[in-house]
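Q: Quick one: the structure is below, questions incoming.
The values are calculated or read from the model by the stated rules, or taken from the named source; none is laboratory data. This is a predicted model, so every value here is computed, not measured. Cβ placement follows ideal geometry from the backbone for every residue including glycine, while neighbour counts extend to all protein chains displayed.
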Amino acid sequence: MSSIKKQLGQNFLVDQNVVSDLIESARIDKNDVVLEVGAGEGAVTKGLAKTAGKVIAVEIDQDLIPQLKENLKGAKNVEIVNEDILKLDPSRYTLATKIVGSIPYQITSPLIHKILKLKKRPESVTFIIQKEVAEKIVAQPPKATYLSNFVSHFGEARIIRIIKPSAFRPAPKVDSAILHIQLSTNHSSLITHHYAALLHRGFASPRKMIKHRFPAAVLEQASIQSHLRPAHLSKEDWRNLYRALSRAHERDKERRGGGTWVET
């Protein structure tokens, strides 16, 4: 049994019912190449290997690799990669049709951002993450968040089930959730980093009315009521605001000599 490294946010999934639910939620078949995040000792990897065509199992902890290889002995369709998932070459991501994992809570936001900013994204992402963060990702107006708006631009997120701490070793102090994000195949004209900057600007002061974050003329062009708070805006509101800012930027581009698209 491996020792726990708190600095890596290690909580090993040990409940086989949860393992089965995670894999089933990802809807994997033999045509899929699955990128697994945080393979650990292989509890999820073994199940993925039985259903997927290929599994790329990424684990940052070098000390876990020998046990992982031993537990996966005989699984010919598993490639073990000893790397930090956040530093993994983007070309490795693009090989995958689906991304799955019981991931360290602290990497949830940067990992989701990295995946969604890929030029070639997978069909879906299915993660076990902290329940509170999962709820922020699926939130709807009037309780929408930066994360819910960013993720909804790329696809549909939903919570499959809530998981109690006893499903892990060691048990975390909070509940977890299986989050499934079904990504859209439609290519939007929105530029991802510009859209992220727009949302960051809007949610920088979430309690303030939106008129304190954007010019009145731009809000009027986007047909957004100025007294609303960021959490009240719909996905279409943010897209309209993006387009209105784009038009305003184009009009002012020559006068301003370029510059930042969205000032923060």
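Q: Which one of LEU95, LEU111 is surrounded by fewer than 21 Cβ atoms within 10 Å (Cβ to Cβ) and of a type in the set (A, V, I, L, M, F, W, C)?
A: Checking each option against the conditions leaves just LEU95.
Q: Are any of the residues in segment 156-164 more than 25 Å from PRO122 (Cα to Cα) and part of a loop (DSSP other than H, G, I, E, B)?
A: Yes: segment 156-164 contains one or more residues that are more than 25 Å from PRO122 (Cα to Cα) and part of a loop (DSSP other than H, G, I, E, B).
Q: In the list LEU118, LEU111, which residue meets the criterion of being in contact with a helix residue (DSSP H, G or I) (Cβ under 7 Å, 6 or more places away or on another chain) and closer than 15 Å to GLY155 by Cβ?
A: LEU118
Q: Contact list please: Cβ distance under 9 Å, first residue in segment 205-226 and under 17 Å from ALA144 (Cα atoms) and without any contact (Cβ under 8 Å) to a residue 24 or more places away in the chain, second residue hydroxyl-bearing (Ser, Thr, Tyr) and surrounded by fewer than 17 Cβ atoms within 10 Å (Cβ to Cβ), pairs at least six apart or on different chains.
A: Filtered contacts from segment 205-226: MET209/SER226; ILE210/SER226; ARG213/SER205.
Q: For a quick check of your reading of the model, give me the residue pairs whose first member lies in segment 121-136 and is closer than 18 Å to LEU183 by Cβ and free of Cβ contacts under 8 Å to residues at least 60 places away in the same chain, whose second is crowded, with 19+ Cβ neighbours inside 10 Å and among the hydroxyl-bearing types (Ser, Thr, Tyr), with beta-carbon atoms closer than 7 Å and at least 6 apart or on different chains.
A: What qualifies is ILE129/THR108; ILE129/SER176.
Q: Only residues that are buried (at least 20 other Cβ atoms within 10 Å of the Cβ), of a type in the set (Gly, Ala, Ser) and over 12 Å from the mean Cα position of the chain (by Cα): list them for segment 129-154, please.
A: Once the filter is applied, which keeps residues that are buried (at least 20 other Cβ atoms within 10 Å of the Cβ), of a type in the set (Gly, Ala, Ser) and over 12 Å from the mean Cα position of the chain (by Cα), segment 129-154 yields only ALA144.
Q: Pick from LEU199, LEU219, LEU228: which is modelled with pLDDT of 95 or more and part of a loop (DSSP other than H, G, I, E, B)?
A: After applying the criteria, what remains is LEU228.
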